[in-house]
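The values are calculated or read from the model by the stated rules, or taken from the named source; none is laboratory data. Here the structure is a predicted model, which is why all the values come from computation and not from measurement. Using ideal geometry, Cβ is built from the backbone for each residue, glycine included, and neighbour counts are taken over all protein chains shown. Keep in mind that these areas ignore ligands, DNA and RNA; they rest on the heavy atoms of the full protein, side chains included. Shrake-Rupley method; radii C 1.70, N 1.55, O 1.52, S 1.80 Å.
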Amino acid sequence: MPDLVLLHGFPFDSSMWVHQLVGIRGHRVIAPDLRGFGSASLGDEPVSMATYADDVVSLLDELGIATVVLGGLSMGGYIALEFARRHRDRLRGLVLMDTKATADTAEGKAGRDKSIDAAQQKGADAIAESMAPKLFANDVEPAVRDSLLATMRRAGVPAMVAAIAAMRDRSDNSDRLAELGGLPTLVIVGSEDRITPLDDAQFLAEGIPGAELLVIEGAGHVPPLERPEAVNAALQRYLDGLV
Ligand code: MLT
């Protein structure tokens, strides 16, 4: 019965997995706050995708867990891919949600620098407001939208700045997907994801030998909150199939 560790996106926290924490049966579900977010402290060292990935290894060691299924949404998926590069021997499977293999383009990197300036000058609200129009499917429930936006507004600026820089500087994994062959991989994407759309998910699923692609209809960038029943059913089926 493999455990499932779920890594949140930017600039959310572990509360984005509330439905999975209570809804998955027969497997332990662990959703840490990434450093600086939620209740986790940022620390003093510079942060990269490798730092976040190594934090997950420390957590597994603390909990005495040898191997896990690692799932991540968006930035959490970038971290899961970095984890797979560094700690493949600790993986039982991968769940990549609303994320992508490619690095930022030059234009994307310039956009990250602008986001860092915006966060530093105007605070978390500026980031929440710039992301809000792209985050959800058109018919998202207002309570879901308002609750996630509140989480985003609560994020600390230093943690946001560190995460934006880490995303800007992340490695490109597109040429390394074939190395993940043999690792049971589920790729999930919301049909209306405007941040990491279907093309990105298809690229992942086609590049990872044996990966399964699942499109969650009526969800945007955050299917675990927008369509929790569909996501839980997919996770449950995938996890049960591993044992
Ligand atoms: C996320 O949801 O984690 C971010 O939007 C990902 C990104 O900005 O690349």
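General remarks:
- Expected 222 nm ellipticity per residue - DSSP helices of 4 or more, -39500 (n - 2.57), all of the chain, to 500: -14500 deg cm²/dmol
- In a reduced charge model with +1 at each Lys and Arg Cβ and -1 at each Asp and Glu Cβ, the chain shows a dipole moment near 200 debye about its Cα centre.
- For the chain, lysine pairs separated by 8 or more sequence positions, or belonging to different chains, with Cα-Cα distances below 19 Å total 5.
- Within-15-Å neighbourhood charge of Leu6 [Cβ basis; K, R +1; D, E -1]: -3
- Difference of contour (0.36 nm per residue) and Cα-Cα distance, Val22 to Leu42: 4.5 nm
- The residues of the chain expose, per residue, 42 Å² of accessible area to a 1.4 Å probe.
- Extension gain (nm, one decimal) between Glu107 and Glu141, 0.36 nm per residue minus Cα-Cα: 9.0 nm
- Kirkwood-type radius of region 18-117, with distances r between different C-alpha atoms, in Å: 14.9 Å
- The label-point distance for Glu179 and Arg237, in a model that sets each label 7 Å from Cα toward Cβ, rounds to 3.1 nm.
- Its relative contact order, with pairs defined as Cα atoms under 8 Å and 6+ residues apart, puts the chain at 24 percent.
- At the listed q of 0.13, 0.14 Å⁻¹, the Debye profile of the chain, built from one uniform point per Cα, gives log10 I(q)/I(0) equal to -0.73, -0.86.
- Counting only Cα atoms, region 78-176 measures 39, 31, 23 Å along its principal axes, largest extent leading.
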